[in-house]
Amino acid sequence: MTTWLNMSLQDGASPIMEQLVFFHDHVLMIMLMITTTVSYMMITLIRNKQTSRFMLEGQMIETTWTIAPAIILVFIAMPSLRLLYLMDEVHNPSLTLKAIGHQWYWSYEYSDFTKLEFDSYMIPQEEQQESTFRLLDTDNRIVLPMNSPIRMIVTAADVLHSWTIPSLGVKTDATPGRLNQTSFSISRPGILYGQCSEICGANHSFMPITIESVPAKYFINWVSKMSE
């Protein structure tokens, strides 16, 4: 999760998020080179007092500064299109989780199991313990197996919401009367935090999301315990 005065992205907890971080750094390096080159040219032109009455046109330089940006855009577009394809594709999910946004809490349904559903509310500040995070922990955490492809179905019961886990690179709008789908795979165990990213009302910042990533055998034990 993010910490105080942290200006960088969160550590990726999924292969897609790691690729998004790499793409972010890739684009920033290209922007740095463009900014450095343009700044150098502008400073040189400002400080240079030389003039030439024979410099009326430059076919070569005009061709260069037309083709160069096109080549740069290709280097940005290709990895971007690849990432868009990977984020949209769902390959044989081993688990389907449905999230329903309410004002102001989330409901979850494990579609592959019978009668495995619960509501997830934010823990009030007066009931928090020292081991929990303020405004981020919930009374019922989502328990998911790590290293397993998971299909996420998101909808809403009243107004627009947005189911968002930054460390997974997942942000899906919850629209009433519509099912939106996304997928992810958690690459490490731990607790992941997110929040509703849509302005859905007065308490929209008080409907957090908490995912507990566990090995498969612990997930099976949790499902057996919840189904009793």
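The values are calculated or read from the model by the stated rules, or taken from the named source; none is laboratory data. Since we're looking at a predicted model, the values are computed, not measured. Cβ coordinates were reconstructed from backbone atoms using ideal geometry, including for glycine residues, and neighbour counts include every protein chain displayed. When the accessible area is computed, the model is the full protein with side chains, heavy atoms only, and any ligands, DNA or RNA have been set aside. Shrake-Rupley method; radii C 1.70, N 1.55, O 1.52, S 1.80 Å.
Points to keep in mind about this one:
- Any chance TRP104 is surrounded by 14 or more Cβ atoms within 10 Å (Cβ to Cβ) and either touching a residue at least 40 places away in the same chain (Cβ under 8 Å) or under 30 Å from THR35 (Cα atoms) (or both): yes
- Total residues in the stretch 182-204 satisfying the condition of being open to solvent by less than 40 Å² (accessible area, probe 1.4 Å) and not hydroxyl-bearing (Ser, Thr, Tyr): the figure is 8.
- Hits in the stretch 1-16 (condition: hydrophobic (A, V, I, L, M, F, W, C), open to solvent by less than 70 Å² (accessible area, probe 1.4 Å) and under 17 Å from THR210 (Cβ atoms)): ALA13
- Within the span defined as the stretch 137-159, every residue fails to be closer than 14 Å to ILE209 by Cα, touching a Cys at 6+ places or on another chain (Cβ under 6 Å) and touching a residue at least 40 places away in the same chain (Cβ under 8 Å).
- The test for being more than 21 Å from GLN10 (Cβ to Cβ), in contact (Cβ under 8 Å) with a residue 40 or more places away in the chain and charged (D, E, K, R) does not hold for ARG188.
- Selection count where residues are among the charged types (D, E, K, R) and in a strand (DSSP E or B), scope the stretch 82-112: 2
- Meets criteria (touching a Cys at 6+ places or on another chain (Cβ under 9 Å) and open to solvent by 60 Å² or more (accessible area, probe 1.4 Å)) for LEU179: no
- Checked across the stretch 192-199, the condition of being within 14 Å of PHE133 (Cβ to Cβ) and in contact with a helix residue (DSSP H, G or I) (Cβ under 6 Å, 6 or more places away or on another chain) holds for at least one residue.
- Residue match in the stretch 83-90 (condition: over 30 Å from ASN140 (Cβ atoms), without any contact (Cβ under 8 Å) to a residue 12 or more places away in the chain, of a type in the set (Ser, Thr, Tyr) and open to solvent by 70 Å² or more (accessible area, probe 1.4 Å)): yes
- Of the strands (runs of 3 or more DSSP E) entirely within the stretch 113-228, those holding at least 3 residues that are touching a Leu at 6+ places or on another chain (Cβ under 8 Å) occupy 142-145, 150-156, 190-195, 208-214.
- Of all residues in the stretch 112-132, those being touching a Lys or Arg at 6+ places or on another chain (Cβ under 7 Å) and open to solvent by 70 Å² or more (accessible area, probe 1.4 Å) number 1.
- Exactly one residue among SER167, SER148, SER162 is open to solvent by 10 Å² or more (accessible area, probe 1.4 Å) and hydroxyl-bearing (Ser, Thr, Tyr), and that residue is SER148.
- Number of positions in the stretch 37-82 that are of a type outside the set (A, V, I, L, M), open to solvent by 100 Å² or more (accessible area, probe 1.4 Å) and without any contact (Cβ under 8 Å) to a residue 40 or more places away in the chain: 11
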